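Contents: one structure, followed by commentary.
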Amino acid sequence: MKFSIATLLANFSDDKLVAPKAVEKKLDCHSDQSIRKLQIALDALEKIGVLAKDKGRYRRLFEEVLVEAKLRCSSKGFCFAIQDSEGTEDIYIRESHLSNAWNGDRVFVKIIKEGSRRRSPEGEVKLILERANPSLLARIKQINGNNRESYYRAVPLDDRLLFELDLVPEGPDLADAIDHLVHVEVLRYPLGEKRPIGKVVQILGSDAEAADDLDIVCCKHDLLRHFPEEVLKEAESLVNHSTKPDQKNRLDLRELLTVSFGELNKKDINHALSIETTTSGYWRVGVHIADVAYFIKADSPLDKEARKRGISIYLRNQVVPILPDGLSSDYFSLLPEKDRLAISILITVNKNGQIVEFEIEPSVIQVNAHLSYKETRKIINGNTHELVNLNLEQLENAINKLQNVSKALRNARLRRGAFDLNLPDEKSYYNDESPLGAMINPEIFPARSMVAELIILANQGIASHLLALGVPAIYRVQNSPDPGDIQEFIKLASNLGADLYIEDEEDLQPADYQAFAQEFTASKSERVLTYLLEDTLKPAIYSTTAQPHFGLALQHGYVHCTSPISRYSDLLISRVLHTVFNEGRDRRSSRSKEGVELGHSSCHGKISWNVLAPEIQQELEAQLTSVVVHLTERENIAQDGQEDLEGLIKTGLMKERTGQTFQGLITGVQSYGFFVEIEISSESTETFRVEGLVHVSSLKDDWYEYRSRQQTLVGRKNRNQYRLGDIVEVQVKSVDYYRQQIDLVAVSGGSTAFDDEELSSNPYRF
């Protein structure tokens with residue numbers, strides 16, 4: 001069993017001694033060799049003061065001198081260590097202090113020089129916790145040895161990896177791979193002065209253009225496309241398991257009209273919706289979530305593999321799932337006309353979009369229909385004549401009710417200060433808030449927005465329930481933007497004619513963003529302003545502490561729980577709910593005559609005891625704490641992979657259009673040039689927004705000066721300027737496929753600078 005130091009340390013705390021045998025079991029160290037490697041690691045960690053040993057057992061030591069961080073390196077050799085905590089300084093690491101760590105590695109850093117007002121603190125890597133590059137993309141080169149025998153090395157394409165790997169003569173014939181793009185598995189990382197060693201596992205092509213886009217993305221981001229044998233074996237045993245005996249003692253909702261939504265080619269259906277009207281005239285919304293946690297037990301091979309992968313990655317028509325296909329797209333998936341085990345949250349909502357009450361129960365459901373967003377939009381708009389094989393009367397009635405609820409929920413969300421962003425290209429694969437943490441304009445995506453409002457409602461309700469019960473959870477949090485970023489944004493917006501006002505820049509509220517977005521609608525520069533506003537938002541992350549979520553304007557906790565087939569965080573929340581179902585104490589003691597309903601919101605504010613026994617509570621807390629940073633990192637990798645694939649597709653389309661002229665929008669201006677967004681259509685009629693760079697060196701008509709405060713390039717003599725929001729005509733000059741760089745040349749456009757405003761104190765001149 002391979003394990004990282006980070007995985008090993010996750011099993012220790014500062015208040016509990018842990019025996020090596022317990023760690024062996026957790027890490028699946030069964031062979032003599034793996035047990036010996038584990039003991040070597042424990043001895044080393046004890047020696048450097050990370051672990052303390054007492055009577056053969058270990059506990060974690062947390063020293064302030066050692067900082068856990070992730071390396072971000074440059075092509076020039078130096079790196080910065082980026083800490084996870086908000087507001088902490090980046091630590092400068094010289095190449096000589098890297099200790100063979102690579103870009104992206106998670107490390108322990110020791111501060112060797114304190115920082116100052118103008119300088120970052122300086123540190124050195126003391127321990128590599130987790131390697132970020134188990135494989136890499138490279139080119140093969142031949143080396144002629146002294147004994148006239150040639151051998152081969154791999155030169156990484158990523159110029160931040162400043163090394164070459166010696167290659168073992170296994171796998172494909174390396175003589176055929178010279179100067180080709182290959183996928184290399186790292187067999188051994190550097191040891192002292194010895195080079196790393198790797199093995200070519202796949203020859204991708206003569207260059208990036210000849211290689212398959214999906215292969216490039218999967219290799220670049222180390223996406224796992226195959227499952228270990230023991231995982232497949234466990235999955236097979238589950239598929240052959242009948243769920244009929246498991247349906248007992250569950251709420252039977254099979255007679256309830258239930259509908260799932262999403263793209264037709266998406267097979268891992270995580271949740272479905274139902275709607276009823278109560279006798280009081282309220283809506284009773286049912287959000288039914290695939291009960292994956294019932295089947296996948298903690299620390300089983302399936303659980304460990306899902307934890308490692310973290311999140312399913314959707315790459316166009318392909319998916320890299322966290323669970324084998326037989327489970328994710330069939331056995332667990334809420335397919336129509338199939339009995340499925342679920343966790344159902346039944347939420348009563350009034351006409352103002354406020355939660356009246358809710359209950360959470362293990363259930364058995366049967367989905368009646370699966371609708372694409374396109375079909376749903378037609379039903380919402382009353383264009384149903386093209387739809388066949390559907391019980392339209394029932395579906396129309398249900399969807400109209402769901403649409404009414406979603407409108408009420410949206411109004412309630414906007415009243416508390418949340419905001420929508422007009423970003424037509426933004427994709428969300430989980431039917432909840434976008435990766436930005438905010439909702440995308442419902443006028444553009446009415447069907448998707450309808451579902452999202454209801455899914456957010458369920459996430460919000462379950463978060464409030466877990467908080468009320470006082471049990472551990474993983475929360476989705478988003479911090480407020482930095483005041484400095486907002487100040488800069490308001491200045492840039494002013495240059496674009498948007499007069500924005502904010503009452504207190506130091507106490508930024510989501511309602512301020514709502515006001516900004518509303519102001520944008522009256523501006524001809526709405527798209528650029530929205531992009532600039534988007535850049536000020538901080539990424540949403542996972543945390544074991546309930547903190548505010550800025551984009552949704554929630555102050556007291558929010559979780560992801562509705563996609564357990566596709567996100568490990570959601571699976572963990574389902575597992576916490578099952579722990580409450582099975583182990584939760586509904587009264588202070590066995591002598592108490594009356595208890596509370598632990599699955600109902602009526603228990604909120606009535607619980608004055610520990611719902612879970614201390615040992616169960618502590619075990620859950622340890623499990624969630626050990627994985628929370630990893631889940632955020634896996635989500636970032638998923639987003640990077642998805643963006644990379646989109647980038648390769650766009651770059652390929654632009655490569656075909658080299659020499660052609662397009663009209664575009666200036667979306668960014670820097671000292672070295674300006675970025676232009678243009679729209680192109682593929683053969684499938686899909687529209688892409690592609691961004692390229694007009695380098696300042698290509699502006700031959702004048703000497704251009706950069707005005708940083710206005711983000712404008714101004715010609716000294718002709719007074720022509722290129723600024724944010726200007727429309728320009730550009731020609732595609734060249735395309736670098738692998739780096740996804742598109743070079744453009746300005747043909748015409750821009751605007752005229754009418755003032756002789758002084759340049760900023762240190763203008764860039766060309």
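Cα-Cα over 23 Å: which of K70/K141; K267/K351; K233/K267; K233/K304? Don't jump to the answer; show the numbers that get you there.
Values: K70/K141 31 Å; K267/K351 34 Å; K233/K267 21 Å; K233/K304 14 Å.
Long pairs (Cα-Cα over 23 Å): K70/K141; K267/K351.
Between E679 and Q663, what is the label-point separation in nm under the 7 Å Cα-to-beta-carbon projection?
Rounded to a tenth, the inter-label distance reads 1.1 nm.
Order these by the 10 Å Cβ neighbour count, fewest first: E643, E594, E729. Mind showing how you got there, number by number?
Values: E643 13, E594 6, E729 17.
The most exposed by this proxy come first: E594, E643, E729.
How far is it, in nm, from the label point at S280 to the one at K593 when both lie 7 Å from their Cα along the line to the Cβ?
Rounded to a tenth, the inter-label distance reads 2.7 nm.
Give the calculated FRET efficiency between E519 and D173 to the nearest 0.05, with a Förster radius of 60 Å applied to their Cβ-Cβ distance. Can you show the working numbers first?
Values: r = 63 Å, r/R0 = 1.05.
E(calc), rounded to 0.05, equals 0.45.
Quick one: net charge around I455, please, counting Lys, Arg +1 and Asp, Glu -1 for every other residue with C-beta under 9 Å from its C-beta. Intermediate values should be presented prior to the final figure.
On the way: positive: none; negative: D432, E433, E453.
That sum, taken over residues with Cβ under 9 Å, equals -3.
Give me the net charge for the shell around F62: Cβ to Cβ below 13 angstrom, other residues only, Lys and Arg +1, Asp and Glu -1.
Numbers: positive: R59, R60; negative: D14, D15, E63, E64, E68.
Net charge around F62: -3.
If each Cα of region 483-537 is one equal point scatterer, what is log10 of I(q)/I(0) from the Debye formula at q = 0.20, 0.21, 0.25 Å⁻¹?
Result of the Debye calculation: -0.63, -0.70, -1.03.
Sort V576, V356 by Cβ crowding within 10 Å, fewest neighbours at the top.
Values: V576 23, V356 14.
So the residues, fewest neighbours to most, are V356, V576.
Cα-based Rg (one decimal) and Dmax (whole number) for region 66-130, in Å?
For region 66-130, the Cα-based Rg and Dmax read 10.5, 31 Å.
Kindly rank 690-696, 619-625, 60-66 from highest to lowest mean number of other beta carbons found within 10 Å of each residue.
On the way: 690-696: 20.6, 619-625: 17.4, 60-66: 12.7.
Highest-to-lowest ranking by the protection proxy: 690-696, 619-625, 60-66.
Please get the size of the charge dipole for region 135-206, origin at its Cα centre, with Cβ charges of +1 on Lys and Arg and -1 on Asp and Glu, quoted in debye to the nearest 20. Don't skip to the end; give the middle numbers.
Working: 9 positive and 11 negative charges, 37 e Å.
Result for region 135-206 is approximately 180 debye, rounded to the nearest 20.
Which of the lysines could be linked to K491 by a straight reach, that is with a Cα gap under 23 Å, when you skip same-chain ones fewer than 8 residues away?
K524, K538
What pairs from K248/K378; K21/K47; K266/K407; K25/K220; K2/K266 go past 28 Å between their alpha carbons?
Working: K248/K378 39 Å; K21/K47 20 Å; K266/K407 26 Å; K25/K220 32 Å; K2/K266 33 Å.
In this structure, K248/K378; K25/K220; K2/K266 lie more than 28 Å apart at Cα.
Evaluate E = 1/(1 + (r/R0)^6) for S34 and D736, where r is the Cβ-Cβ distance and R0 equals 51 Å; express this FRET efficiency to the nearest 0.05. Mind showing how you got there, number by number?
Numbers: r = 44 Å, r/R0 = 0.86.
After rounding, the FRET efficiency stands at 0.70.
For N265 and K113, calculate 0.36 nm times their separation in residues minus their Cα-Cα distance, and state this gained length in nm to one decimal. Mind dumping the intermediate values first?
On the way: separation 152, 0.36 × 152 = 54.72 nm, distance 5.47 nm.
Additional length available on full extension: 49.2 nm.
How large is the helix-only mean residue ellipticity at 222 nm for the chain, computed as the sum of -39500 (n - 2.57) over DSSP H runs with n ≥ 4, divided by its residue count, in deg cm²/dmol to the nearest 500? Can you show the working numbers first?
On the way: 14 runs with 206 residues, N = 766.
The per-residue figure over the chain is -9000 deg cm²/dmol.
Taking the alpha-carbon distance from K733 and a cut-off under 23 Å, which lysines remain once sequence neighbours fewer than 8 residues away in the same chain are dropped?
K733 reaches K650, K655, K700.
Just the Kirkwood number for region 1-86, please: inverse of mean 1/r across all distinct Cα pairs, in Å, one decimal. Each step should come with its number before you reach the end.
Working: mean 1/r = 0.0691 Å⁻¹.
Every distinct Cα pair counted, the radius reaches 14.5 Å.
Please list, short to long, the whole-number percent of alpha-carbon pairs of the chain in consecutive 20 angstrom bins beginning at zero.
Distribution as computed: 14, 45, 35, 6, 0 percent.
Which residues among region 670-685 fall inside the zone where the amide N is under 17 Å from a point 7 Å beyond the Cα of S698, along Cα→Cβ?
Hits in region 670-685 for S698 at 17 Å: 670-680.
Sort by residue number and report every cysteine in the chain with no other cysteine beta carbon within a distance under 4.7 Å.
Within the chain, the cysteines lacking a partner Cβ under 4.7 Å are C29, C218, C219, C561, C603.
How big is the Kirkwood radius of region 402-532, worked out from every pair of different alpha carbons and given in Å to one decimal? The partial results should precede the final answer.
Values: mean 1/r = 0.0616 Å⁻¹.
That comes to 16.2 Å for region 402-532.
So how do 337-344, 660-667 stack up, highest first, on mean other-Cβ count within 10 Å?
Numbers: 337-344: 20.0, 660-667: 18.1.
Those peptides, ordered most packed to least, come out 337-344, 660-667.
If packing is taken as the mean number of other Cβ atoms within 10 Å per residue, what is the order of 392-401, 676-685, 470-479, 371-380, highest first? It would help to have the intermediate numbers written out before the result.
Details: 392-401: 15.8, 676-685: 13.5, 470-479: 22.0, 371-380: 18.0.
Per-residue mean Cβ counts within 10 Å order the peptides as 470-479, 371-380, 392-401, 676-685.
Hey, any idea what Rg/Rh is for region 622-766, computing Rh the Kirkwood way over Cα pairs?
Details: Rg = 19.0 Å, Rh = 17.1 Å.
A ratio of 1.11.
Given a Förster distance of 35 Å, report the FRET efficiency between R195 and S708 from their Cβ-Cβ distance, rounded to the nearest 0.05.
For R195 and S708, the calculated efficiency is 0.20.
Read-outs throughout are calculated quantities, based only on the coordinates presented, and are distinct from any laboratory measurement. Please read these numbers as outputs of a predicted model, since none were measured by experiment. We place every Cβ from the backbone using ideal geometry, glycine too, and count neighbours over all the protein chains shown.
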